[in-house]
Each structure stands twice: as structure tokens, then as C-alpha cells.
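Q: The structure that follows is given in the form of C-alpha cells.
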Amino acid sequence: MYNKLLTRRRTLYLGLGTLAGIGALTTGKFINNFQQNQVLANQDRNFKVAGKIPLKERAARKGLIYGADCNTLNLQSVPELQTALVQECAMLVPGFLKWDMLRPTADSFNLTRGDWYVEFAEKNRMLLRGHTLVWHDALPRWFKETVNKQNAQQFLEQHIQKVAGRYAGKMHSWDVVNEAINVPDGLPNGLRKSPWLDLLGPDYIDLAFRLTAQVDPQAMLVYNDFGLEYDTPKDEAKRTAVLKLLERLKSQGTPVHAFGMQSHLFGDETRFNPQKLRDFFRNVASLGLKILITELDVIDRKLPQDIDVRDRIVAGVYEDYLSAALDEKAVIAVINWGLSDRYTWLSEFYPRSDGAPVRPLPLDANMQRKLAWNAIARAFDNAPKR
Ligand code: G3I
């Protein structure tokens, strides 16, 4: 499927090349943004889908899990999103399971909101994945002045025992450690400068996994990270560092079971190389790890305002990326970071300069399916069975 697409795109490049000098295009350099958007919008891609069955069923037919996050949204107050999630998703990432949402003070936990999500998912027979137990971000205000090298391990143990313990046996998987690699920080092994690294040293990663495995032996334990998707020197360096981290963890017997590839994609990024992605996934899988696409969305900040053009480019990115990713049978799940454009972190973190509402997800603001939904459906329909 992907090769047919590649041929079509090349044809289009050559077509456009007659207008703008073949040499410029065939080397992958676009003459200008308009040129790039016309190529990426690729009018002859039809994104046709057979039938209307939901994404969760298309995924399940291939042995895959499809889901979405409600990371920090208050789902209780949005019944129309509840309906859409139940219809389309087999898995839910509950909101309110980060330190800043769970821990109002150093000696208290607020698990009520997390409990609601778990009950909602169980009532609707949805799988759950927890996000996230150890991260350098989303730490409560009291953390910095309260946690020190002497008590850090105790705080970590207490947090994992309380939170992972409360939902033990209910979680399909946990993002135990999130985003521990950041090569530009210049630290050994590409580790990110993180409060946890400062407080506990590099072994905080192994410790977090071992604690979680003790508390919830049934959960699949995941190392989750981003910025690995493209054929750029920065992403290549990070892929190398992440692979080395996973190799070290496996060689020391750390109970890590899977890698989470966040997959926050960019609609205007042309340096996607499907073979590089497949090679990376194959290398991760060769460690005996499963792979989850954990935070999938397509940032449309730099795309044209025209909704038809923008939706086509976003859909093309979804289908191209998933077509390559799902060739790797170790990939077991695809999770969108949000399901509807009405509720996406990108509205706040990657707003468009023209003020137009962003459109990164499979459902629009009225919970209606978009071309992005078609693209994900087609990727599942054409994926090899696990
Ligand atoms: O809920 C409060 C609200 O009561 C308050 O009025 C408001 C004031 O700004 O803040 C609201 O909380 C915000 C929350 O999102 C809900 O919108 C937090 O300030 C804000 O920091 C939080 O951002 C989340 C971010 O992680 C930090 O936790 C995003 O929604 C969430 O999508 C984003 O997700 C991360 C993953 O966890 C890790 N991978 C990257 C991804 C994107 O950054």
C-alpha cells in the first residue's frame, strides 16, 4: 500500500516539477510553502474507507488496540465525548494521574478524579493505561522545596505504592518513566536533566520500574518518549540514545516490557522516512519489547488555514506514518492524544497564528469523523494481522 502511495507522490512531484524546475523538487527541496502544501495535500488521494465500523473494531481485527487519552480533561462534564470515546476506543488514558493532579500536598493524594476514569472505563469495558508515574514535568509546586536526596526514594516508593497500587490489576499498561532522554542536555548517555536524575542518579529509571513491577505485576511497564519520528540529525541522535537506554535496562534485568512512541507529528514536516522508522522499531522489537504508539496527533500550526487542504495534509501524515509503523508486528496499540479537536493540548501549546481552531485529531469539534479518521481506519484495514 505504501509503495503505491510513494509512486503517486513521485508522479505528483514530477508533475509539479515541470512548473517549478524538476531538480528542486526531486531532491525533496520545495520551492516554497505553497508548492509544499499543494504536494502534501495531494488532491488525488481519496482516503476512501470501506464501511463505517469504528476504529476500535478495525484495530481489533488486526490484533491491535486503538484508544485515546483524556489526559487532564474533566471527562465527567462532557457526555458527548464520553459517547464518542466508548464508540471509537477500546482503551482510555485516564486524566489526573500525574503528580501535579494527584498530590495537592506532600502528604496527601487526591485519587477521586482518577477513580472516576477507572470506573468509567470498567463500566464501558475499556482497557486502561496509566500516564505517568515518573516525569520531570507536571510536578506539584511543593516538590522542589520538599523532596531532597535523603527522602526522594521514599517519596518515589510511596507514590508508586499508592497510585499504581490503587489500580493494580486494572491497568493494561503504565508509562512508568516518561521522557528521560534529551541529548541536547549533554549529560552521559543522553539523559535528560531531571529532578529525578539530580535526586536519585541514573538508577531512578530502573528503581521506578522495579517498584511498579512489585506493586502491579499484571501491568505492562512502558518507557515513553517523543521526538524520534523524523529523518533529522536530532531525532536520529535521540533514537540512538533511547535504544541504548532500552538495551541497558534489558541487560540489567529491569522489568521494562514495552516502548511508548509518543508520535506527536508535524503536518509541515517533510523529512519523514518510513524505512528509518521501520528500522528503529525493528531494533526496539529485537530487544524483546512491544511498542505502543502512545500520544498520536498531527500538529497543523504551520498548515494553510483552508480546512480542506489542512485536513488532507493531516490525513496524509496519519496514513503515511501508521502505514510504516504498523508494518512492525511488535506494535500492539495506537493511542491518539485526544479524540476530538474540541479537546486537544495543541489549542493551548501549539495555537495557530491566524487564530483558527486547530484540527489535529480524528473527530472534529462536533465529534464528527474527519479525513484523519479515514486515514487511521485505512491504516488499520491495511495493516498486517498480529
Ligand atoms: O485543570 C487545570 C485548570 O483547572 C486550570 O484552570 C488551568 C490553568 O491553566 O490548568 C489546568 O490544568 C492544565 C491541564 O493541562 C489541563 O488543561 C495544566 O495547567 C497544564 O499543564 C496541562 O498540560 C498538559 C501537559 O501534558 C502537562 O501535564 C496537557 O494537557 C497534556 O496534553 C500534556 O501531555 C504531555 C504528556 O503528558 C507527555 N508527552 C507530551 C504531552 C504534551 O505535552
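Q: Each residue of segment 306-313 in order: what ³J(HN,Hα) in whole Hz does its phi give by Karplus 6.51 cos²θ - 1.76 cosθ + 1.60, θ = phi - 60°, with x for Gly and Pro?
A: So the J values, rounded to whole Hz, are 3, 5, 4, 5, 4, 4, 5, 5.
Q: Could you state, as a whole-number percent, how many of the C-alpha pairs of segment 258-364 are farther apart than 19 Å?
A: 44
Q: Work through the residues other than LEU92 whose Cβ is under 12 Å from its Cβ and net out their charges, Lys, Arg +1 and Asp, Glu -1.
A: Summing Lys/Arg as +1 and Asp/Glu as -1 gives +1.
Q: Here's something else I'd like to know. Nearest 500 deg cm²/dmol is fine: what mean residue ellipticity at 222 nm does the chain get from its DSSP H runs of n ≥ 4 alone, each adding -39,500 (n - 2.57), divided by its residue count?
A: -13000 deg cm²/dmol
Q: List the aspartates and glutamates whose alpha-carbon lies under 18 Å from that of LYS234, not counting same-chain residues fewer than 8 positions away?
A: Reachable aspartates and glutamates: GLU179, ASP185, ASP225, ASP268, GLU269, ASP279.
Q: Just to compare against my own numbers: the Cα pair-distance distribution for segment 219-293, 10 Å bins, whole % per bin, please.
A: 19, 55, 22, 4, 0
Q: Further, regarding this structure: Step through the table entries LYS193/LYS238; LYS52/LYS385; LYS276/LYS329; LYS52/LYS290; LYS123/LYS170; LYS250/LYS290, compare each Cα-Cα distance with 22 Å, and write down the pairs that go over it.
A: Long pairs (Cα-Cα over 22 Å): LYS52/LYS290.
Q: Continuing with the same structure: Over the C-alpha atoms of the chain, what are the Rg and the largest Cα-to-Cα span, Dmax, in Å?
A: When restricted to Cα atoms, the chain yields Rg and Dmax of 21.0, 68 Å.
Q: Sticking with this structure for a sec: Only bridges whose two residues both fall in the chain count here: according to DSSP, what percent of them are antiparallel, nearest 5?
A: Antiparallel bridges: around 5 percent, rounded to the nearest 5.
Q: Which residue fluctuates the most in the chain, going by a Gaussian network model with Cα springs under 10 Å, if the choices are VAL317, VAL78, VAL49?
A: Residue with maximal mean-square fluctuation among VAL317, VAL78, VAL49: VAL78.
Q: Here's something else I'd like to know. Before I look further, what does the chain give for accessible area per residue, probe 1.4 Å, in whole square angstrom?
A: 42
Q: Express in nm, to one decimal, how much length is gained between ASP279 and GLU122 on full extension, taking 0.36 nm for each residue of separation and deducting their alpha carbon distance.
A: 52.9 nm
Q: Of the residues ASP320, ASP185, ASP268, which exhibits the maximal mean-square fluctuation in a Gaussian network model of the chain defined by a 10 Å Cα contact cut-off?
A: It is ASP185.
Q: Select from GLN153, ILE293, LEU81 the residue farthest towards the positive end of the dipole of segment 8-382; place +1 on Cβ of Lys and Arg, -1 on Cβ of Asp and Glu, and compute about the Cα centre.
A: Going by the charge dipole, the pick is ILE293.
Q: Let me ask another. Please sort by residue number the trypsin sites (Lys or Arg not before Pro) in segment 208-285 whose DSSP state is loop and whose Cβ has at most 15 other Cβ atoms within 10 Å.
A: Answer in residue order: ARG271.
Q: Of the candidates LEU361, LEU200, LEU371, which one comes out as most mobile in a Gaussian network treatment of the chain with C-alpha springs shorter than 10 Å?
A: LEU200
Q: Ok, one more. Accessible area of the chain with a 1.4 Å probe: how many percent of it is carbon plus sulfur?
A: 51
The values are calculated or read from the model by the stated rules, or taken from the named source; none is laboratory data. Note that the structure is predicted; figures quoted are calculated from it, not measured. When we count neighbours, we look across all protein chains shown, and the Cβ atoms used for this are built from the backbone with ideal geometry, even at glycine. All accessible areas refer to the heavy atoms of the entire protein, side chains included, with ligands and DNA or RNA removed. Shrake-Rupley method; radii C 1.70, N 1.55, O 1.52, S 1.80 Å.
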